[in-house]
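The values are calculated or read from the model by the stated rules, or taken from the named source; none is laboratory data. Predicted model only: the values in this text are computed from it and were never measured. Neighbour counts run over all protein chains shown; Cβ positions are idealised from the backbone, glycine included.
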Amino acid sequence: MQKQSLIYSLNEMDKAVDFLYRYMDTCRLFTFEGSLGSGKTTLIRELLKRYGIQKGVTSPTFNLLNVYENERRQTFYHFDLYRINSVQDFLASGFDEYWNMPNSWVFIEWPEVIDVLLAKKDHCKVKIDYQKTDRRLLQLII
């Protein structure tokens, strides 16, 4: 397990995006952990801009999954599991089927409910913690 860290301000979001972008070839499944309002969706939105998805990236809190595709036919599955109550609910929805789709990436916010599944799957864990009002500590665990 390798751990990388970065401290950034909200005005330095590009710095955080650059940091994660370097690992996009290595990792196809990313989990995002952090308190409400820590910037998980914002970070994903900015990362997807690097792949040509310029608008429409929102938190999938109510529909649980948003799917984005760019001009290069790359697909990005963005999950928000805040309202999923159990591993069984996740599996019953068929969401695990997206994990192995070709030419795709998976981003999961609030992944704690499926930790037992993630323990068996290669993935990169992104943790975002408040440092000060406008500062964040981003940790990437590979």
Condition first: surrounded by 14 or more Cβ atoms within 10 Å (Cβ to Cβ), touching a strand residue (DSSP E or B) at 6+ places or on another chain (Cβ under 9 Å), within 23 Å of K3 (Cα to Cα) and without any contact (Cβ under 8 Å) to a residue 40 or more places away in the chain. Can you find one or more residues in the range 106-118 that meet it? yes
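Right, G52: closer than 27 Å to D129 by Cα and not aliphatic (A, V, I, L, M) or not?
Considered against the rule, which asks whether it is closer than 27 Å to D129 by Cα and not aliphatic (A, V, I, L, M), G52 comes out as no.
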Among the residues listed as E12, E46, E71, the single one being of a type in the set (D, E), farther than 28 Å from K120 by Cβ and without any contact (Cβ under 8 Å) to a residue 12 or more places away in the chain: E12
With the requirement that a residue be within 22 Å of E112 (Cβ to Cβ), in a loop (DSSP other than H, G, I, E, B) and under 14 Å from the mean Cα position of the chain (by Cα), what does the range 56-69 give you? T58, S59, P60, T61, L64
Can we say T42 is assigned to a loop (DSSP other than H, G, I, E, B) and either crowded, with 16+ Cβ neighbours inside 10 Å or in contact with a strand residue (DSSP E or B) (Cβ under 7 Å, 6 or more places away or on another chain) (or both)? no
Going through the range 8-22 one residue at a time, which ones are of a type outside the set (F, W, Y), outside any helix (DSSP H, G or I) and surrounded by 14 or more Cβ atoms within 10 Å (Cβ to Cβ)? S9
Which listed residue is over 20 Å from Y8 (Cα atoms), of a type in the set (D, E, K, R), surrounded by 15 or more Cβ atoms within 10 Å (Cβ to Cβ) and within 16 Å of the chain's Cα centre (by Cα), from D122, D80: D80
Grab the strands (runs of 3 or more DSSP E) fully contained in the range 70-142, keeping just those with 1 or more residues being in contact with a Ser or Thr (Cβ under 7 Å, 6 or more places away or on another chain) and among the aromatic types (F, W, Y). 75-80, 124-132
Check the range 35-48 and report whether any residue there is more than 25 Å from Q131 (Cβ to Cβ) and in contact with a helix residue (DSSP H, G or I) (Cβ under 6 Å, 6 or more places away or on another chain). no
Answer yes if at least one residue in the range 24-39 is surrounded by 14 or more Cβ atoms within 10 Å (Cβ to Cβ), in a strand (DSSP E or B) and at pLDDT below 95, and no otherwise. yes
